[in-house]
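Student: The structure that follows is given in the form of structure tokens.
The values are calculated or read from the model by the stated rules, or taken from the named source; none is laboratory data. Just so you know, these numbers come straight off a predicted model, no measurement behind them. Ideal geometry is used to build each Cβ from the backbone, glycine not excepted, and the neighbour counts take in all protein chains shown.
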Amino acid sequence: MSDLAYNLIRPARRDTSVIFASPHSGRAYSDAFLRSAVLDQREIRSSEDAFVDQLFAPAAQYGAAFLAAGAPRAYVDLNRASEELDPALIDGVRRSAHNPRIASGLGVIPRVVANGRAIYRGKLGLEEVHYRLSRYWRPYHDMLQTLIDESHRQFGEAILIDCHSMPHEALDAVSQSGGRRPDVVLGDRFGASASSKVIERIEAAFANAGLCVVRNTPFAGAYITQNYGRPSWQQHAVQIEIDRALYMDERRIEPNANFVAFCEMLDGIIQEIAEVGRPAIQRVAAE
């Protein structure tokens, strides 16, 4: 496993309150972890937001910090609370109130990957779980909080863009008969994690690029938007889910022929989103 809990790209000059982060693009799969799994490497990567860190890395060019996970989602899920422990996977954990994510095997230490495929042959001990949380989960969230605090001090607000990808098939239920299939799902927990002004401008950035955007269905946001989204504190969190088929071959987990063109389009979207968190006086001066 990589020694890096996260990768942080800071801009030469931070001049926007927007922070981009990718909690599920980590791909440091250690030999020991893979040996403990019943899945091969391609199968275990099915839960990974492959290439999302590459897609959003240009954020630093537009004055925004970009934080990306080091550890893979199948090893530790940074978009879960550290208390979301699965008794079906972890020895010594007592069953608590029903949690649908834990029940489905998608707690902070996942029991399954995409399509409900089990990762392990047996159970994990609490010592192993505590190691993963202390070594990877806490440093990521500590740095995310640090970036949010920095934005508050410098700009009086923080706008967190939580970057994800979604399987193409996840949109089957959303697609309307004869209608255009959504390309992007924005999650603001139905208005609880971001102001209407912020979500509207982010939606416009994608729509202006010709992408079809919907909100909150089927993804409204999970732990990160719930934990960090506090619009009344001028702290906004928006989850972005992008259809993987737009830029990658999902079966082979490789960039597809549209990858470069999509990156170029997303570069303009990132620039427009970064503008949302730029002080008005600074925007006027730049015009």
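Student: I need every pair where a residue in the range 208-231 that is in contact (Cβ under 8 Å) with a residue 24 or more places away in the chain has its Cβ under 6 Å from the Cβ of a residue that is assigned to a helix (DSSP H, G or I) and of a type in the set (Gly, Ala, Ser), sequence separation at least 6 or different chains.
Tutor: Going by the 6 Å Cβ cut-off, the qualifying pairs are Val213/Ala207.
Student: For the range 56-72, enumerate the residues that are surrounded by 24 or more Cβ atoms within 10 Å (Cβ to Cβ) and under 14 Å from Pro23 (Cβ atoms).
Tutor: Residues satisfying the conditions are Phe56, Phe66, Leu67, Ala68, Ala69, Ala71, Pro72.
Student: Would you point out the residue of the range 87-116, among those that are touching a residue at least 60 places away in the same chain (Cβ under 8 Å) and surrounded by 15 or more Cβ atoms within 10 Å (Cβ to Cβ), that is farthest from Ser36 (Cα to Cα)?
Tutor: Arg101
Student: Same structure again: Could you check, for the range 37-54, whether at least one of its residues is more than 20 Å from Ile202 (Cβ to Cβ), modelled with pLDDT under 95 and within 13 Å of the chain's Cα centre (by Cα)?
Tutor: Within the range 37-54, one or more residues are more than 20 Å from Ile202 (Cβ to Cβ), modelled with pLDDT under 95 and within 13 Å of the chain's Cα centre (by Cα).
Student: Determine if the range 88-100 includes at least one residue that is of a type outside the set (Val, Ile, Thr), under 23 Å from Arg45 (Cβ atoms) and modelled with pLDDT of 95 or more.
Tutor: Looking for residues that are of a type outside the set (Val, Ile, Thr), under 23 Å from Arg45 (Cβ atoms) and modelled with pLDDT of 95 or more, one finds at least one in the range 88-100, hence yes.
Student: Please pick out the residue among Arg132, Arg73 that is in contact (Cβ under 8 Å) with a residue 24 or more places away in the chain, within 23 Å of Arg45 (Cβ to Cβ) and not in a loop (DSSP other than H, G, I, E, B).
Tutor: Exactly one of Arg132, Arg73 is in contact (Cβ under 8 Å) with a residue 24 or more places away in the chain, within 23 Å of Arg45 (Cβ to Cβ) and not in a loop (DSSP other than H, G, I, E, B), namely Arg132.
Student: For the range 4-16, enumerate the residues that are in a loop (DSSP other than H, G, I, E, B), in contact (Cβ under 8 Å) with a residue 60 or more places away in the chain and surrounded by fewer than 17 Cβ atoms within 10 Å (Cβ to Cβ).
Tutor: If the condition is that a residue be in a loop (DSSP other than H, G, I, E, B), in contact (Cβ under 8 Å) with a residue 60 or more places away in the chain and surrounded by fewer than 17 Cβ atoms within 10 Å (Cβ to Cβ), then Leu4 is the only one that fits.
Student: Which of the residues spanning the range 17-56 are of a type outside the set (A, V, I, L, M), within 27 Å of Ser151 (Cβ to Cβ) and in a helix (DSSP H, G or I)?
Tutor: If the condition is that a residue be of a type outside the set (A, V, I, L, M), within 27 Å of Ser151 (Cβ to Cβ) and in a helix (DSSP H, G or I), then Asp53, Gln54, Phe56 are the ones that fit.
Student: Given the structure, is Ala81 small (Gly, Ala, Ser), at pLDDT below 95, closer than 27 Å to Met166 by Cβ and assigned to a loop (DSSP other than H, G, I, E, B)?
Tutor: For Ala81, the condition - small (Gly, Ala, Ser), at pLDDT below 95, closer than 27 Å to Met166 by Cβ and assigned to a loop (DSSP other than H, G, I, E, B) - is not met.
Student: Taking helices (runs of 4 or more DSSP H) that fall entirely within the range 172-287, which contain at least 1 residues that are in contact with a strand residue (DSSP E or B) (Cβ under 7 Å, 6 or more places away or on another chain) and modelled with pLDDT of 95 or more?
Tutor: The qualifying helices (runs of 4 or more DSSP H) are 196-208, 223-228, 259-276.
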